[in-house]
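The values are calculated or read from the model by the stated rules, or taken from the named source; none is laboratory data. This is a predicted model, so every value here is computed, not measured. Here the Cβ positions follow ideal geometry from the backbone for every residue, glycine too, while neighbour counts run over all protein chains shown. Heavy atoms of the whole protein, side chains included, go into the accessibility calculation; ligands, DNA and RNA do not. Shrake-Rupley method; radii C 1.70, N 1.55, O 1.52, S 1.80 Å.
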Amino acid sequence: MWKKLRIAILLLILATVALNTVRGQQQVRDWSHTIQIAIFPLNGDDSPATAQRIAGLRQEDFKDIEDFLAEQAHAHGIDNPRPALVSLQPALDTLPPAPPRQHGMLDAIIWSLKLRYWAWRQPAGSPSAHIRAFVIFHDSERTGGRVPDSHGLSKGRIAISNVHVARNMQYTNRVVIAHEILHTMGATDKYGPDLLPRFPEGYAEPEAHPPTPQRFCEIMAGRTPVSGHEARMPESLSECVIGRETAREIGMQP
Ligand SMILES: [Zn+2]
């Protein structure tokens, strides 16, 4: 009797979690409403430069992400004056679990569960957010200009972006943050193993003749094709667009 009851309760919890996951995924693909995106800064290396940078962050610093989503939504025919609202939240002090060193499927699943558990213990954001973007700042001048890889999970709608403290990197940081936010909405990467944008879905204007150089970067391809074997990082979101395939994945296109 007790065993059956325990199993029933467990199944109920699992069903609730699954239902919330599906409902959350639907909400972030419904562009007729305002999608609330909360940005939580974190200090990735405990350096004074990073702490100072985080203390100086302002809401306006993330406005270009909101504007980018609005412009792209309108370009894809969404008739909503404010499809996304980005809000800066207080900094957090517990870092998320580090991604696995190996690239095995099981390692990835365990890490994803640990990450969702970590995120579940963090604030929901104010106003209560549909998407939480955790932005980890690193003083990359101390690490040879490198920061760890970033990740965006559609299950749990969690984006983890590793970005640079240096002010001259702030615009490219926001390209990374926007890319990971779009992953939480269901967008997939559009670059190949060589990191070059895939044709046609990774090209902002696949119908252009000649196809390269492209004028813009498709945000999920992450780079602007310069030639068939060369691509460059965009300097800001003003050089990026949401391509047709990404728009379809995130519900901006039927
Ligand atoms: Zn990606």
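When you check Ala208 against the structure, is it closer than 22 Å to His74 by Cβ, assigned to a loop (DSSP other than H, G, I, E, B) and touching a Pro at 6+ places or on another chain (Cβ under 8 Å), yes or no?
no
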**Report entry** Residue match in segment 226-243 (condition: in contact with a strand residue (DSSP E or B) (Cβ under 8 Å, 6 or more places away or on another chain), part of a loop (DSSP other than H, G, I, E, B) and within 12 Å of the ligand (Cβ to nearest atom))
**Finding:** no
Query raised in the report: Among the residues of segment 224-244, is there at least one that is at pLDDT 95 or above and within 13 Å of the chain's Cα centre (by Cα)?
Result: no
Query raised in the report: Hey, does segment 112-133 have a residue that's in a strand (DSSP E or B), within 16 Å of the ligand (Cβ to nearest atom) and in contact (Cβ under 8 Å) with a residue 24 or more places away in the chain?
Result: yes
Query raised in the report: For segment 174-203, which residues satisfy the criterion of being away from the ligand (no atom under 11 Å from the Cβ), open to solvent by 50 Å² or more (accessible area, probe 1.4 Å) and closer than 21 Å to Ser154 by Cβ?
Result: Arg198, Glu201
Report summary line: Contact list, first residue from segment 174-196 and assigned to a helix (DSSP H, G or I), second anywhere and open to solvent by 10 Å² or more (accessible area, probe 1.4 Å) and acidic (Asp, Glu), beta-carbon distance below 7 Å, six or more apart or interchain, is Arg174/Asp64
Query raised in the report: Considering only helices (runs of 4 or more DSSP H) fully contained in segment 1-85, which possess at least 2 residues that are at pLDDT below 85?
Result: 2-27
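In segment 30-45, is there at least one residue being in contact with a strand residue (DSSP E or B) (Cβ under 9 Å, 6 or more places away or on another chain), assigned by TED's automatic domain parsing to the domain that holds Asn173, of a type outside the set (S, T, N, Q) and farther than 27 Å from Pro148 by Cα? Before the answer, list the steps.
Initially, segment 30-45 is screened for residues in contact with a strand residue (DSSP E or B) (Cβ under 9 Å, 6 or more places away or on another chain), giving 31, 34-45.
Filter again for assigned by TED's automatic domain parsing to the domain that holds Asn173, leaving 31, 34-45.
Subsequent filtering for residues that are of a type outside the set (S, T, N, Q) retains 31, 35, 37-42, 44-45.
Of the ones still in play, those that are also farther than 27 Å from Pro148 by Cα are 31, 35.
Checking segment 30-45: at least one residue is in contact with a strand residue (DSSP E or B) (Cβ under 9 Å, 6 or more places away or on another chain), assigned by TED's automatic domain parsing to the domain that holds Asn173, of a type outside the set (S, T, N, Q) and farther than 27 Å from Pro148 by Cα.
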Query raised in the report: Do you know which of the residues in segment 144-162 that are within 11 Å of the ligand (Cβ to nearest atom) and assigned to a loop (DSSP other than H, G, I, E, B) is least open to solvent (accessible area, probe 1.4 Å)?
Result: Ser150
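Test of understanding: among Pro213, Pro254, which residue is at pLDDT below 95 and either in a loop (DSSP other than H, G, I, E, B) or among the basic types (Lys, Arg) (or both)? Spell out the reasoning first.
Details: Pro213 fails: at pLDDT below 95.
Of the residues listed, the single one that is at pLDDT below 95 and either in a loop (DSSP other than H, G, I, E, B) or among the basic types (Lys, Arg) (or both) is Pro254.
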Report task. Could you list all residues from segment 21-36 that are exposed (fewer than 15 other Cβ atoms within 10 Å of the Cβ) and among the small types (Gly, Ala, Ser)? Result -> Ser32
